[in-house]
Amino acid sequence: MMIWLFFIFHLDLGHSVKTKVRPPKNKNIKRGVFSTWAPHRPNPIGLSLAKIDKIIEGALIISGIDLVD
């Protein structure tokens, strides 16, 4: 079973809004900010799809998330 997680990018300082960025793996091409893992976002809302591994006493054990620790 899968679950969608909504979260806040709390480390984004929000100093500037860049709509195009150069990803680390391919610095020659600019890409849209939402198609990369760029920390520069026009809003601080993130979305991640995670797998529910177990439910133990009301707690969800999930895997496969890509959130900031």
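Read the figures in this text as sums done on the coordinates, not as results from a lab. Please read all numbers here as calculations on a predicted model, not as lab measurements. Cβ: placed from backbone, ideal geometry, glycine included. Neighbour counts: every protein chain shown.
Values for this structure:
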quantity	calculated
For L60, net neighbour charge (Lys/Arg +1, Asp/Glu -1) across residues whose Cβ lies under 13 Å away	0
Virtual spin-label span in nm between I65 and K51, 7 Å along Cα→Cβ	1.6
